[in-house]
1. Ratio of region 19-86's C-alpha Rg to 2.2 N^0.38 Å, to two decimals?
2. Under a Cβ-Cβ cut-off of 13 Å, what is the net charge of the residues other than residue 33 that fall near it, where Lys and Arg count +1 and Asp and Glu count -1?
3. Working out 0.36 nm times the residue gap between residue 35 and residue 47, then minus their Cα-Cα distance, what length gain in nm do you get to one decimal?
Amino acid sequence: MAGEESTEYHTLLCDDPSHEVVLVDCGTRETEVMLAVRKVTGQSLWHSRALARQAPVALLGGLPASRARSAVAVLEGAGARAEWRHEPAPGEGTAPSP
């Protein structure tokens, strides 16, 4: 149609979308996982214990992929089940308003 403007959006290759780290399951080694949560989040031991017991829970957000992968490696090394995933953009992945 003549006279209409179109808007194009591009994702730059240098843009690294943010990722989140999710603790899926604490496993049987709760103490080691609690210490790993403390290491990756910087939270107190008390908060780390509370987070470990709330699994599944998002521990970190807004990370580049490399940092998210290394945080998951620390958690898995302690015996936890953890994963990193693309962090949804605002409004993405939420239920529609009634």
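1. 0.94
2. Once positives and negatives cancel, what remains is +2.
3. 3.3 nm
Where a number appears in this text, it was derived from the coordinates with a stated rule and is not lab data. Owing to the predicted nature of the structure, the values given are computational and were not obtained by experimental measurement. Please note: Cβ atoms are built from the backbone with ideal geometry, for glycine as well, and neighbour counts cover all protein chains shown.
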